1. Listed residues V99, V110, V34, V128; which is modelled with pLDDT of 90 or more, in contact with a helix residue (DSSP H, G or I) (Cβ under 7 Å, 6 or more places away or on another chain) and part of a helix (DSSP H, G or I)?
2. Take S204 and tell me if it is touching a residue at least 60 places away in the same chain (Cβ under 8 Å) and in the same structural domain as G106 (by TED's automatic domain parsing).
3. Just name the residue that is farthest from the chain's Cα centre (by Cα) out of those in region 161-193 that are assigned to a loop (DSSP other than H, G, I, E, B) and either crowded, with 16+ Cβ neighbours inside 10 Å or not assigned by TED's automatic domain parsing to the domain that holds V104 (or both).
4. Would you pick out the residues in region 101-115 that are surrounded by 11 or more Cβ atoms within 10 Å (Cβ to Cβ) and not acidic (D, E)?
5. Is region 199-219 home to any residue that is over 21 Å from the mean Cα position of the chain (by Cα), of a type in the set (S, T, N, Q) and in a helix (DSSP H, G or I)?
6. Check P118 against each of (1) of a type outside the set (A, V, I, L, M); (2) modelled with pLDDT under 90; (3) exposed (fewer than 11 other Cβ atoms within 10 Å of the Cβ) and name the one condition it does not meet.
7. Against the definition (at pLDDT 90 or above and in a helix (DSSP H, G or I)), how does V63 come out, yes or no?
8. Identify, from the list A259, A240, A196, A232, the residue that is over 20 Å from the mean Cα position of the chain (by Cα) and at pLDDT 90 or above.
Amino acid sequence: MSSLTETAPVYTERVRLLRLGSTRLLLHASSIAVCILAWHLASTSQADLGVVTFRNVPAPLEVLAAGWELFRSQALLSHLTASLSRVFCGFLIAAIAGVALGLVIGRLRVAEDTLLPPLEILRPIPAVAWIPLSILMFPSSELSMIFITFTGALFPILLNTIHGVETIDARLIASARSLGSGPVAIFTEVILPAAAPSIFTGLSIGMGTAWFCLVTAEMISGQFGIGYYTWASYTIQNYADIVVGMLLIGLLGMGSSMAVRKLGNALMPWQASGAKK
């Protein structure tokens, strides 16, 4: 009887979490269904709202047919492989550089005074403005597109890391020192765990901007990739294929950012207590 009594609360909590997950899944599906229905009604009725018109916007069924044709073709694998390799190469380099620079700038005043001003000058420059210079700087278009992806992902990661380090309560560091912790222990056991939520927020945002910048680069200098596919579809007026490309970009970007957040949740179990109710 005691074992049954002990497991009853666990079973009740599992049922509650299952119901909560089912409710959230239903809400997610319903919101997407409403958006698709609104898209269908606007495109089939060829709605003209003055500022916005849907006369040339393909209906969801047309986009579904175009997506199925792309899925059956051999070109899809080439486009996906090209885009994914460019995004993850640029993002990985940006993650290493952004986190390392952010930790140094956030902890050392001399690093903030010397490194942050030139970075702040470069930060507002859009990815499109880097394209001509990157083509001149790098011997291949692949490297130039990876560089543009890197620049897009770097600054969200860098600034969020700096913010995470600078907002650490000084009393935590002082307490660790009073207990005899050295610089390495303070860094690994105090600074990194405290800054980790901000770091992973920056990584998630940086992944999204990496996709944005990559698509911009592929539209101009790529030969394969989802961005190139979308732009090529526009030039030959395959409107349904344009939407297919846009949806692929959205799904890949969402999936990549979600993977970063899941990794952050796995590495930061102490954050679970602050989850939304």
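1. Exactly one residue qualifies, and that residue is V99.
2. yes
3. By that ranking, first place goes to S181.
4. Scanning region 101-115 gives L101, G102, L103, V104, I105, G106, R107, L108, A111, T114, L115.
5. Checking region 199-219: not a single residue is over 21 Å from the mean Cα position of the chain (by Cα), of a type in the set (S, T, N, Q) and in a helix (DSSP H, G or I).
6. (2)
7. Judged against the criteria, V63 is a match.
8. On inspection, the qualifying residue turns out to be A240.
The values are calculated or read from the model by the stated rules, or taken from the named source; none is laboratory data. Nothing here was measured: the structure is a model prediction, and the numbers come from that model. Ideal geometry is used to build each Cβ from the backbone, glycine not excepted, and the neighbour counts take in all protein chains shown.
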